[in-house]
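K.L.:
What follows is a single structure, and I will ask about it in a moment.
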Amino acid sequence: MKAPGNIRLFLSDVDGTLVTHEKQLTEATKAAARELRDAGILLAITSGRAPQGMRMLIEPLGLEQAIAGFNGGLLVNPDLSVIERHRLDPAIARRALALILEQGLDAWVYTEADWLVRDPKAPHVANDRMAVQFEPRVVSSFTEADLAQAIKVVGVSDDFARVAACEAMMQRELGDRASATRSQAYYLDVTHPQANKGAVVTTMSRRLNIPPEQIATIGDMPNDVLMFRRSGFSIAMGNASDTVKAQAKAVTDSSENDGFAKAVRNFLLIPAKT
């Protein structure tokens, strides 16, 4: 299935989509970004990462649009200056943290400036440090001051079923007072209700004066389905689950096999030139 020929913005997830498992941009991906620009299609990115954890992508991809970090919790310019922020209500952040710990998950807290962890040797801390290229701040506990500044609270576990169960519990209890979705099988992201990838589509549409039906989106995880639903054309990565693939209008190859570049060439560029 081809995208309609009037796509003007391509909004992409990062991990599992733009970058490989080793968190690298391939030459094919960088070339595809140039091809989008030559075709007059804007490229923007959104991720559960902090904005500073995406700065290494800006120059190689030639990004000129707003970058949506924390699933839209912090919107920044390419120079990382803040456009808008959506902090969690402190009471919601406190309850989300309690639920995560009660369910046996490790917890991280992100503020605008810091990534807070209790144990630097806990699962995925080292991998994320490598991916985002900045250091966490180690704390003995998360204080009320930390939670008052929280933009994202994360539950972390390699027990994927436990993470999924915690997601369902969080959604039932917090309802529309927060967005609680998995950004990876081992991460549960809890953010402000307006900090979700569906809202990012709406925000980018408003900022760029591009109707949602002229926006294409691509991703691999359940939190990406939110932007699939609000965009005119959606593409799931080959490494996505069958559930995520079923929510997209097209499926490309995996992030390990240049799925992003293939999506650009197979679904976007040909229609844009006809």
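K.L.:
Report those strands (runs of 3 or more DSSP E) wholly inside the range 46-112 carrying at least 1 residues which are free of Cβ contacts under 8 Å to residues at least 40 places away in the same chain and under 27 Å from residue 161 (Cα atoms).
P.N.:
67-69
K.L.:
Then there's this: Only one of 139, 117, 109, 132 is among the aliphatic types (A, V, I, L, M) and in contact with a Pro (Cβ under 7 Å, 6 or more places away or on another chain). Can you tell me which?
P.N.:
117
K.L.:
Please work out which residue is surrounded by the fewest Cβ atoms within 10 Å (Cβ to Cβ), limiting yourself to the range 186-235 and to residues that are in contact with a Lys or Arg (Cβ under 8 Å, 6 or more places away or on another chain) and charged (D, E, K, R).
P.N.:
In this case the residue turns out to be 189.
K.L.:
Scan the range 144-151 and give yes if some residue there is assigned by TED's automatic domain parsing to the domain that holds residue 177, touching a Lys or Arg at 6+ places or on another chain (Cβ under 9 Å) and under 30 Å from residue 30 (Cβ atoms), otherwise no.
P.N.:
yes
K.L.:
Which condition number in (1) touching a helix residue (DSSP H, G or I) at 6+ places or on another chain (Cβ under 7 Å); (2) in the same structural domain as residue 203 (by TED's automatic domain parsing); (3) loosely packed, with under 14 Cβ neighbours inside 10 Å is the one that residue 75 fails?
P.N.:
For residue 75, the failing item is (3).
K.L.:
Check whether at least one residue in the range 173-180 is out of contact with any helix residue (DSSP H, G or I) (no Cβ under 8 Å at 6 or more places or on another chain) and surrounded by fewer than 20 Cβ atoms within 10 Å (Cβ to Cβ), and report yes or no.
P.N.:
Yes, the range 173-180 has at least one match.
K.L.:
Additional query: In the range 27-36, is there at least one residue being more than 23 Å from residue 253 (Cβ to Cβ), touching a residue at least 40 places away in the same chain (Cβ under 8 Å) and in contact with a strand residue (DSSP E or B) (Cβ under 7 Å, 6 or more places away or on another chain)?
P.N.:
Checking the range 27-36: not a single residue is more than 23 Å from residue 253 (Cβ to Cβ), touching a residue at least 40 places away in the same chain (Cβ under 8 Å) and in contact with a strand residue (DSSP E or B) (Cβ under 7 Å, 6 or more places away or on another chain).
K.L.:
If only one of 134, 70 is among the aromatic types (Phe, Trp, Tyr) and touching a Ser or Thr at 6+ places or on another chain (Cβ under 9 Å), which one is it?
P.N.:
Just a single option satisfies the conditions, and that option is 70.
K.L.:
Give me the pairs, please: first residue somewhere in the range 224-248 and under 21 Å from residue 258 (Cβ atoms), second residue anywhere and of a type in the set (Asp, Glu), beta-carbon distance under 7 Å, and either six or more positions apart or on two chains.
P.N.:
Correct list of pairs: 224/13; 236/220; 237/220; 238/253; 239/220; 240/220; 244/220; 244/224.
The values are calculated or read from the model by the stated rules, or taken from the named source; none is laboratory data. This one's a predicted model, so the numbers in the text were calculated from it and none came from an experiment. Cβ: placed from backbone, ideal geometry, glycine included. Neighbour counts: every protein chain shown.
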